[in-house]
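Asks: Sharing a structure with you now.
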Amino acid sequence: MNFDPRFSGRKFASVGTRPIRPDGVDKVTGRARYGADFNMAGQLVGRVLRSPHAHAKIRKIDTSKAEALAGVKAVITAADLPDLTDGDAAMYDILDNCMARTKALYDGHAVAAVAAIDARTARQALKLIEVDYEVLPHVTDVDEAMQHHAPLINDTVFTEGLEEKPVKPSNVTKRSQFGHGDVHQGFGHSDFIVERSFKTEQTHQGYIEPHACVANVSTDGTADLWVCTQGHFVYRQHCAQLLGMEASKLRVTSSEIGGGFGGKTHVWAEPVALALSRKAGRPVKLVMTRDEVFRASGPTSATSIDVKIGARKDGTITAAEATLRYSAGPYAGSWAEIGAMTAFACYRLDNVKTVGFEVLVNRPKTAAYRAPSAPMAAFAVESTVDELAKELGMDPVEFRIRNAAQEGTRSSYGPVYGPIGIGPTLEAVKVHPHMKAPLKKNQGRGMACGFWFNFGGQTCVDLNIGMDGSVSLAVGTVDVGGSRASLSLVAAEELGIDYSQLKAIVADTSSLGYNDMTDGSRGTFSSSMATISAARNAIKILRERAAQMWDISVDDVVWEQGHAVAKGEKHGNLGKLSLKEIAAKSGTTGGPIAGHSELVADGAGVSFATHICDVEVDPETGSTRVIRYTVVQDAGKAVHPTYVEGQYQGGAAQGIGWALNEEYIYGKDGRLQNAGFLDYRIPVCSDLPMIDTQILEIPNPNHPYGVRGVGETSIVPPLAAIANAVSNAAGVRMTHIPMSPPRILAAIEAEREG
Amino acid sequence: MAGVAVSTTINGDTIEYLCQPDETLLDVLRDRLGLTGAKEGCGTGDCGACSVIIDDRLVCSCLVLGAEAEGRRIETVEGMAHGDKLHPLQQKFLEHAALQCGICTPGFLIAAKDLLAKNPDPTEEEIRFGLAGNLCRCTGYDKIVRAVQDAATVMKGA
Ligand code: FES
Ligand code: FES
């Protein structure tokens with residue numbers, strides 16, 4: 001189709017307003033159905049047996065006693081999920097993560113599963129499964145895993161990306177490098193150089209809804225899967241491949257999703273539930289416990305990062321360099337690579353070099369978490385930038401403005417930027433009243449910048465016009481935080497009708513073409529593009545039908561504010577036809593009226609944010625309170641500003657938790673010590689202040705309305721902004737996240753002892 | 001294991017059910033009675049997603065046994081609206097967009113209802129501490145606190 005995605009600078013009637021979301025009433029009355037809220041007749045309860053060891057060879061699994069227990073309908077192990085991945089290494093890793101094949105690679109790794117008539121029977125059955133483990137030495141720390149003597153997690157892994165192919169296997173799966181210019185020369189021109197090392201601990205996305213699904217495999221080879229996911233089309237593909245099904249025979253319906261933040265982009269339990277259902281011949285519901293969510297799903301990388309930045313006296317950065325080590329869990333990923341790409345993306349640099357190392361450890365497989373890998377890199381870089389500003393005697397905002405990337409800047413990861421928001425967010429922060437508010441004793445202020453790429457991807461939308469003139473919009477991107485509202489606004493805008501005339505739903509995999517995940521901040525960006533395209537296709541038909549009703553040429557019919565209008569003097573008396581009037585006649589003018597769109601949404605505009613944070617540090621206990629927080633971020637165009645603010649606030653709050661409290665704590669035995677919300681403490685209401693937001697709108701030239709993704713960037717600056725604030729309050733540079741009270745106290749004491 | 005026969009009042013209706021002695025009230029509500037408004041976020045009393053009010057007391061239904069509901073009066077999110085008229089808290093949560101994914105919303109609504117019943121005019125700090133037993137990972141709580149403040153104003157006027 002001839003769809004022109006370029007920014008058109010139109011005036012908006014619907015976009016930018018703040019109506020109530022279409023799925024809202026169901027969610028405040030308890031009627032909305034999430035992953036665990038769905039049931040089927042005859043359904044069994046599935047449960048998973050997990051390894052208690054961080055690293056162990058599985059010698060033998062005896063399931064006979066479990067199978068013999070009354071009420072048990074199926075027991076499966078890896079043998080029931082044969083390897084059908086056909087040399088696809090990434091899919092093999094997914095398969096192995098779903099059910100350990102020869103080795104358990106982390107505490108919590110699935111080794112077997114049961115389906116039984118009720119939860120109690122299923123739990124009993126798990127206790128009857130006998131697994132003969134040979135416990136192996138393990139490693140959970142990213143720096144230790146890189147040492148030569150570290151236990152090898154996978155002896156078929158040889159580091160990629162080295163000049164010479166290594167002769168020995170290693171826990172380092174890949175080395176990646178980005179940058180341009182000559183950093184050696186650049187540092188030669190520096191008057192000041194700051195070099196620091198940082199660590200960040202592993203965190204979890206912490207969605208409140210555990211993973212849940214209901215699988216129903218029929219004896220005719222078809223199957224249904226109900227699941228909370230960020231991408232039901234991707235789940236369908238993965239599950240179909242792992243189970244040896246044709247994708248079209250597996251219908252996946254995405255339930256309402258109770259948070260994902262990147263953590264519901266991978267299959268874990270779903271292939272297991274399908275395999276159980278296939279074996280038992282009955283539907284199986286599988287819901288993770290919170291303990292399983294922490295031990296077996298989701299976490300981020302733990303990192304260790306060195307940064308070196310040099311500048312001239314006048315405040316111009318002459319060179320910047322970073323080495324970034326990211327843990328990936330026991331399977332290869334691209335986490336350090338992304339960190340290395342984002343690290344210096346905010347700045348205009350002549351000489352820049354970043355090197356990333358992906359490191360295998362005996363922890364759960366790393367999953368995306370909101371702008372994955374970027375917050376840790378930003379923490380290290382933005383902390384160093386603050387230190388350098390201090391050395392130079394410059395205001396940290398001024399120093400950043402001086403070096404900020406602009407339109408035309410070659411980014412540190414390669415591409416040349418179009419119109420971008422880093423400069424404007426910094427200018428907005430510079431004049432923000434927050435920056436001038438007085439601080440009291442033991443309080444400190446910090447600020448920091450953040451970048452995220454944003455993503456577009458494959459997208460598909462159906463827009464159907466009913467005979468009563470109401471419009472249904474079927475999208476394939478899962479709604480994680482209000483996108484049905486924003487996409488309805490976009491369709492209303494394009495069609496020129498009222499928001500209340502529309503109803504948007506998320507269609508299942510059998511009702512709509514393929515859609516990529518809702519990740520990379522793509523939900524509203526890409527589906528709005530497809531919605532605009534679908535609406536334009538529908539408008540074309542509406543014009544044709546109006547022309548037919550009037551018996552004039554379609555070329556003389558234009559679409560204005562929800563009406564077909566006959567143009568030209570000869571049609572002076574024809575007036576206009578509303579969408580409703582045209583729809584009412586559709587049965588006699590050619591049948592149903594619809595617009596479809598299938599596209600790859602290219603050109604997701606990059607996004608920048610600058611955050612300001614005030615904290616108060618208690619020097620006696622080391623405990624920190626965030627007392628004021630401001631987010632300034634470019635949205636391109638805020639389609640539904642309230643939900644854009646919500647994304648800014650939510651990302652900031654997650655960043656605050658990461659910066660101050662949250663971390664995976666492993667014992668010497670390689671077991672996770674804090675697999676619950678009591679000991680893995682995410683921010684609660686009384687921990688936080690109001691979070692102020694300022695939305696900037698620098699149109700994305702590659703979207704008709706100028707929209708950019710907004711979901712992820714907000715988690716990038718907080719770690720650094722808070723670290724800068726804490727460092728200013730405590731008078732000592734904090735280099736290890738989370739900045740928990742013991743770490744802050746230790747830093748203060750070390751400083752005192754000099 | 002023999003089932004326990006329980007007679008209780010849920011959202012004003014007399015309800016009778018059989019449950020296992022080790023079954024939680026949350027499981028009874030969700031799996032036996034089809035009241036899936038209360039959610040299980042943790043099962044250990046740490047997230048508040050399962051909040052219900054029993055005899056005017058806010059509790060985590062994952063920490064109460066189904067058998068303990070005998071003779072009690074239970075309020076869940078399903079009973080908050082009157083017919084097709086939403087409770088002011090429900091209305092204000094919608095208007096303020098105090099939910100993103102919405103999984104925490106039933107728990108927050110119940111906790112906020114209990115808070116405003118005991119303290120109709122809470123300060124921001126009282127709201128923040130009053131709702132500190134409920135986790136929300138999406139919103140950063142800002143819009144939730146504002147929705148509760150706004151609902152309190154409306155309810156005082158009523
Ligand atoms: S499920 Fe009851 S407190 Fe979390
Ligand atoms: S809205 Fe998602 S957890 Fe609160």
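Asks: So how much accessible surface do A and B hide from each other in total, probe 1.4 Å, in square angstrom to the nearest 100?
Replies: Counting protein atoms only, the buried area is about 4000 Å².
Asks: Which whole-percent values make up P(r) of the stretch B:26-158 when all C-alpha to C-alpha distances are grouped in 5 Å steps starting at zero?
Replies: P(r) for the stretch B:26-158, in whole percents per bin: 2, 11, 21, 25, 21, 12, 6, 1.
Asks: Sticking with this one: Along the stretch A:76-82, what does the Karplus equation 6.51 cos²θ - 1.76 cosθ + 1.60 (θ = phi - 60°) give for ³J(HN,Hα), rounded to whole Hz, x for Gly and Pro?
Replies: 10, 10, 4, 4, 8, 10, x
Asks: Work out how much length residue A:180 to residue A:561 would gain on full extension: take 0.36 nm times their residue separation and subtract the Cα-Cα distance, in nm to one decimal.
Replies: Using 0.36 nm per residue and subtracting the Cα-Cα distance, I get 132.1 nm.
Asks: Using the charge dipole of the protein assembly as shown (Lys, Arg: +1 at Cβ; Asp, Glu: -1 at Cβ; taken about the Cα centre), state which of A:281, B:21, A:171 has its Cα farthest towards the positive end.
Replies: The one lying farthest along the dipole's positive direction is A:281.
Asks: Could I ask something else about it? Just to be sure I understand the model, the point goes 7 Å from the Cα along the line to the Cβ. What's the resulting residue A:65 to residue B:153 distance in nm?
Replies: Each label point lies 7 Å from its Cα, and together they span 6.4 nm.
Asks: A further question on this structure: For chain A, which DSSP H helices look membrane-span-like by this rule: Cα extent along the axis of 27 Å or more and mean Kyte-Doolittle of at least -1.0?
Replies: Long hydrophobic helices here: A:523-550, A:641-660.
Asks: Quick check: with the 1.4 Å probe, what order do A:126, A:276 take by accessible area, largest first?
Replies: A:126, A:276
Asks: Leaving ligands and nucleic acids out of the surface, order A:94, A:691 by accessible area at 1.4 Å, largest first.
Replies: Per-residue accessible area, sorted high to low, gives A:94, A:691.
Asks: Of the listed pairs A:199/A:390; B:118/B:143; A:353/A:668; A:585/A:637; A:249/A:279; A:127/A:285, which have alpha-carbon separations greater than 25 Å here?
Replies: A:353/A:668; A:585/A:637
Asks: Okay, moving on. Would you mind putting A:353-366, B:79-92 in packing order, based on average other-beta-carbon counts within 10 Å, highest first?
Replies: The packing order, highest mean first, is A:353-366, B:79-92.
Asks: Just the accessible area for residue B:18, please: 1.4 Å probe, Å², rounded to the nearest 10?
Replies: Rounded to the nearest 10, that gives 100 Å².
Asks: Further, regarding this structure: Can you tell me the mean projection area, over all orientations, of the convex hull of the stretch B:88-157's alpha carbons? Units nm², please. Show your work: numbers first, answer last.
Replies: Values: hull surface 15.5 nm².
Average of the hull's projected areas for the stretch B:88-157 equals 3.9 nm².
Asks: Of A:23, A:669, A:551, A:93, which has the most accessible area and how do the rest follow, probe 1.4 Å?
Replies: A:551, A:669, A:93, A:23
Asks: Can you list the aspartates and glutamates whose alpha carbon sits under 20 Å from that of residue A:168, skipping same-chain ones fewer than 8 residues off?
Replies: Partners found: A:143, A:144, A:155, A:160, A:358.
Asks: Now a separate question. Write out the chymotrypsin sites (Phe, Trp or Tyr not before Pro) in the stretch A:622-699 meeting two conditions: DSSP loop, and at most 14 other Cβ atoms within 10 Å of their Cβ.
Replies: Values: sites: A:629, A:643, A:648, A:658, A:664, A:666, A:677, A:680; in loops: A:664, A:677, A:680.
Hits after loop and neighbour filter: nothing returned.
Asks: Only bridges with both residues in chain A count here: give the DSSP antiparallel percent, nearest 5. Mind dumping the intermediate values first?
Replies: Values: 96 of 128 bridges.
In chain A, DSSP labels about 75 percent of beta bridges as antiparallel.
Asks: Looking only at Cα atoms, what is the convex hull volume of the stretch A:296-447 per residue, in Å³?
Replies: Roughly 137 Å³ of hull volume per residue.
Asks: Given contacts defined as C-alpha pairs under 8 Å and at least six residues apart, what's the relative contact order of chain B, whole-number percent?
Replies: Relative contact order here is 23 percent.
Asks: Any chance you could get the radius of gyration and Dmax over the Cα atoms of the stretch A:1-138, in Å?
Replies: In Å, with Rg to one decimal and Dmax whole: 23.4, 70.
Asks: What does the structure give for A:31-38 when I average, per residue, the other chain Cβ atoms found within 10 Å of the residue Cβ?
Replies: 4
Asks: Specify the inter-centroid distance of the stretch A:688-733 and the stretch A:94-157, based on alpha-carbon positions, in whole Å.
Replies: The stretch A:688-733 and the stretch A:94-157 have Cα centres spaced 38 Å from each other.
Asks: Tell me which aspartates and glutamates have Cα within less than 18 Å of residue B:85's Cα, excluding those fewer than 8 residues away on the same chain?
Replies: A:23, A:26, B:75, B:95, B:150
Asks: Using each residue's phi in the stretch A:689-704, evaluate 6.51 cos²θ - 1.76 cosθ + 1.60 at θ = phi - 60° and report the 3J(HN,Hα) Karplus result to the nearest Hz, with x for Gly and Pro.
Replies: Values, residue by residue: x, 4, 10, 6, 10, 9, 8, 9, 10, 10, x, 6, x, 9, 9, x Hz.
Asks: State log₁₀ I(q)/I(0) for the stretch A:297-376 at q = 0.11, 0.20, 0.23, 0.27 Å⁻¹ as given by the Debye formula over alpha-carbon point scatterers of equal weight, solvent excluded.
Replies: -0.32, -0.80, -0.97, -1.21
Asks: Determine the distance separating the Cα centre of the stretch A:415-459 from the Cα centre of the stretch B:1-43; give it in Å without decimals.
Replies: A separation of 49 Å, based on Cα centres.
Asks: Quick check on the stretch A:332-403: what does the Kirkwood estimate of hydrodynamic radius come out to from the alpha carbon pairs, in Å?
Replies: Result for the stretch A:332-403 stands at 13.8 Å.
Asks: Next question. Of the chymotrypsin sites (Phe, Trp or Tyr not before Pro) in the stretch A:62-168, which ones lie in a loop per DSSP and count no more than 16 other C-beta atoms within 10 Å?
Replies: A:158
Asks: Assuming a viscosity of 0.890 mPa s and a temperature of 25 °C, what translational diffusion coefficient in µm² per second does Stokes-Einstein assign to the stretch A:566-615, Rh being the Kirkwood radius over Cα pairs? Walk me through the numbers before you get to the answer.
Replies: Details: Rh = 16.8 Å.
Estimated diffusion coefficient is 146 µm²/s.
Asks: Pairs of alpha-carbon atoms within less than 8 angstrom and 6+ residues apart define the contacts here; what relative contact order does the stretch B:88-157 have, in percent? Mind dumping the intermediate values first?
Replies: On the way: 68 pairs, mean separation 35.9, N = 70.
Result for the stretch B:88-157 is 51 percent.
Asks: Next question, about the same structure. For the stretch A:426-582, please report how many Lys pairs fall under 27 Å Cα to Cα, leaving out neighbours fewer than 8 apart on the same chain.
Replies: 12
Asks: May I pose another question? Please go through the stretch B:55-96 and write out the GluC sites (Glu not before Pro) that DSSP classes as loop and that have at most 13 other C-beta atoms within 10 Å.
Replies: B:70
Asks: Could you work out the mean count of beta carbons from other protein chains within 10 Å of each residue's beta carbon in A:17-28?
Replies: 5
Asks: Let me ask something else. Pop the C-beta distance of residue A:439 and residue A:312 into the FRET formula with R0 = 25 Å and round what comes out to the nearest 0.05.
Replies: 0.25
Asks: How would you classify the stretch A:631-754 from its alpha-carbon gyration tensor, with a ≥ b ≥ c the square roots of the eigenvalues: rounded for a/c under 1.5, else prolate if a/b is greater than b/c, otherwise oblate?
Replies: Note, shape of the stretch A:631-754 comes out prolate.
Asks: Roughly speaking, what % of Cα-Cα pairs in the stretch A:191-336 are separated by over 21 Å, rounded to a whole number?
Replies: Here the tail beyond 21 Å accounts for 56 percent of pairs.
Asks: Okay, moving on. What number, in percent, do you get for the relative contact order of chain A if the mean sequence gap of Cα pairs under 8 Å and at least 6 apart is divided by its residue count?
Replies: Across chain A, relative contact order equals 16 percent.
Asks: Evaluate Rg over Rh across the stretch A:48-106, taking Cα atoms for both radii and Kirkwood's formula for Rh.
Replies: 1.01
Asks: Another one. Let me know the mean shielding of B:45-57 by other chains, meaning the per-residue number of their Cβ atoms within 10 Å of its Cβ.
Replies: For peptide B:45-57, the averaged partner shielding equals 2.
Asks: Cut-off under 19 Å on the C-alpha distance; same-chain residues fewer than 8 positions from residue A:165 excluded. Which lysines are left, in chain and number order?
Replies: A:174
Asks: Please find, in a Gaussian network model of chain B (springs between Cα atoms separated by less than 10 Å), the residue of B:143, B:39, B:113 whose mean-square fluctuation is greatest.
Replies: Top of the fluctuation ranking is B:143.
Asks: I would also like to ask the following. Restricting things to alpha carbons, tell me how big chain A is in terms of Rg and Dmax, in Å.
Replies: 27.4, 92
Asks: Still on this structure, please answer the following. Under unit Cβ charges (Lys, Arg +1; Asp, Glu -1), what dipole magnitude, rounded to 20 debye, does the stretch B:4-79 have relative to its Cα centre?
Replies: Dipole about the Cα centre, nearest 20: 120 debye.
Asks: Kindly state, as a whole number, the per residue volume in cubic angstrom of the convex hull around the alpha carbon atoms of the stretch B:4-79.
Replies: Here the figure is 72 Å³ per residue.
The values are calculated or read from the model by the stated rules, or taken from the named source; none is laboratory data. Quick caveat, the model's predicted, so the values are computed rather than measured. Neighbour counts are summed over all protein chains in view; Cβ atoms, including those assigned to glycine, are modelled from backbone coordinates with ideal geometry. To get the accessible areas, we keep the full protein, side chains included, count just its heavy atoms, and leave off ligands, DNA and RNA. Shrake-Rupley method; radii C 1.70, N 1.55, O 1.52, S 1.80 Å.
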